[in-house]
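Peer 1: Structure provided below as structure tokens; questions to follow.
The values are calculated or read from the model by the stated rules, or taken from the named source; none is laboratory data. Note that the structure is predicted; figures quoted are calculated from it, not measured. All Cβ positions, glycine included, derive from the backbone under ideal geometry; neighbour counts span all protein chains shown. Please note that ligands, DNA and RNA were not included when accessible areas were found on the heavy atoms of the full protein model with its side chains. Shrake-Rupley method; radii C 1.70, N 1.55, O 1.52, S 1.80 Å.
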Amino acid sequence: MKTPLQRHIITILLDNEVGALARVAGLFAARGYNIDSLSVAATADPSQSRLTLTTDGDARILEQVVNQLRKLVDVLEVEDLTGQSHLESELLIINVRCPQGQSDAVDACLYRHRAFPVAVNGDVSSIQFAGTGKAVRAFLDDIEAVAEVLVLARSGTAALHLH
């Protein structure tokens, strides 16, 4: 019987060196895993970066990948946050066209999801929203019902273990 795939959030602290990200991504590619989202930026210490990635996979095999990650020279710390108490967030920036007479419905959607417009130019609004991946999907489903989505950009998931 096949083991069910599970969403995993893996956070990695690594030296901010050329090629470090490519080596991490290469380990996942070598195992045939798709990285669903990837977020990486320098930490408070500019010599280190925090990389957060999400993927769907078999827990046993991902445990092997995590162990291999720990052996990479640039990797300082690896943590699979799956099943642990953690905080995660993703950023969505979206441009929508509001049909005439639908501005109240768009405003209600923004209020419900705690999203906010950052710019309005005629009937086009640029909106910012932050939340979990599920919350971003729920907001997108709701806003698509009341406005025309022109373009969107999503960041990868950022996550930290809660202590």
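Peer 1: Would you mind telling me which numbered condition in (1) in contact (Cβ under 8 Å) with a residue 40 or more places away in the chain; (2) surrounded by 19 or more Cβ atoms within 10 Å (Cβ to Cβ); (3) of a type outside the set (Gly, Ala, Ser) ASP80 fails?
Peer 2: Of everything listed in (1) in contact (Cβ under 8 Å) with a residue 40 or more places away in the chain; (2) surrounded by 19 or more Cβ atoms within 10 Å (Cβ to Cβ); (3) of a type outside the set (Gly, Ala, Ser), ASP80 misses just condition (2).
Peer 1: Shifting gears a bit: Hey, could you check segment 31-77 for residues that are part of a loop (DSSP other than H, G, I, E, B) and touching a Ser or Thr at 6+ places or on another chain (Cβ under 7 Å) and say which is surrounded by the fewest Cβ atoms within 10 Å (Cβ to Cβ)? If you could, list the steps in order and put the result at the bottom.
Peer 2: Within segment 31-77, the first condition is being part of a loop (DSSP other than H, G, I, E, B), and the residues that meet it are 31-36, 43-47, 58, 71-74.
Those still in the list that are touching a Ser or Thr at 6+ places or on another chain (Cβ under 7 Å) too: 33-36, 43, 58.
Values: TYR33: 19, ASN34: 9, ILE35: 14, ASP36: 15, THR43: 12, ASP58: 16.
Applying the filter and picking the extreme gives ASN34.
Peer 1: I want to confirm something. Restricting to segment 111-125 and keeping residues that are under 10 Å from VAL96 (Cβ atoms) and open to solvent by 50 Å² or more (accessible area, probe 1.4 Å), which single residue is modelled with the lowest pLDDT?
Peer 2: Ranking the qualifying residues of segment 111-125, first place goes to ASP123.
Peer 1: Within segment 101-124, is there a residue that is free of Cβ contacts under 8 Å to residues at least 40 places away in the same chain, within 30 Å of ASN67 (Cα to Cα) and not in a strand (DSSP E or B)?
Peer 2: no
Peer 1: Evaluate the following for ILE94: is it in contact with a Pro (Cβ under 8 Å, 6 or more places away or on another chain), within 15 Å of PHE139 (Cβ to Cβ) and crowded, with 19+ Cβ neighbours inside 10 Å?
Peer 2: Here the answer is no, as ILE94 does not meet what is asked.
Peer 1: Which of the residues belonging to segment 115-162 are of a type in the set (Lys, Arg) and farther than 14 Å from ILE93 by Cα?
Peer 2: Answer for segment 115-162, where residues must be of a type in the set (Lys, Arg) and farther than 14 Å from ILE93 by Cα: just LYS134.
Peer 1: So, of the residues in segment 126-163 that are at pLDDT below 95 and among the polar types (S, T, N, Q), which turns out to be least open to solvent (accessible area, probe 1.4 Å)?
Peer 2: If we take residues in segment 126-163 being at pLDDT below 95 and among the polar types (S, T, N, Q), then THR157 is least open to solvent (accessible area, probe 1.4 Å).
Peer 1: Given the criteria on the phi < 0 side of the Ramachandran plot, of a type in the set (A, V, I, L, M, F, W, C) and open to solvent by less than 70 Å² (accessible area, probe 1.4 Å), does LEU5 qualify? Show your work before the answer.
Peer 2: Working: on the phi < 0 side of the Ramachandran plot: yes; of a type in the set (A, V, I, L, M, F, W, C): yes; open to solvent by less than 70 Å² (accessible area, probe 1.4 Å): no.
So LEU5 does not fit the description; no.
Peer 1: For the list (1) over 24 Å from ALA158 (Cα atoms); (2) open to solvent by less than 30 Å² (accessible area, probe 1.4 Å), I need the number of the one condition that GLN102 fails.
Peer 2: So GLN102 meets the others, but not (2).
Peer 1: Same structure, new question: Open to solvent by 70 Å² or more (accessible area, probe 1.4 Å), in a strand (DSSP E or B) and farther than 25 Å from LYS134 by Cα: does that describe LEU14?
Peer 2: So LEU14 does not fit the description; no.
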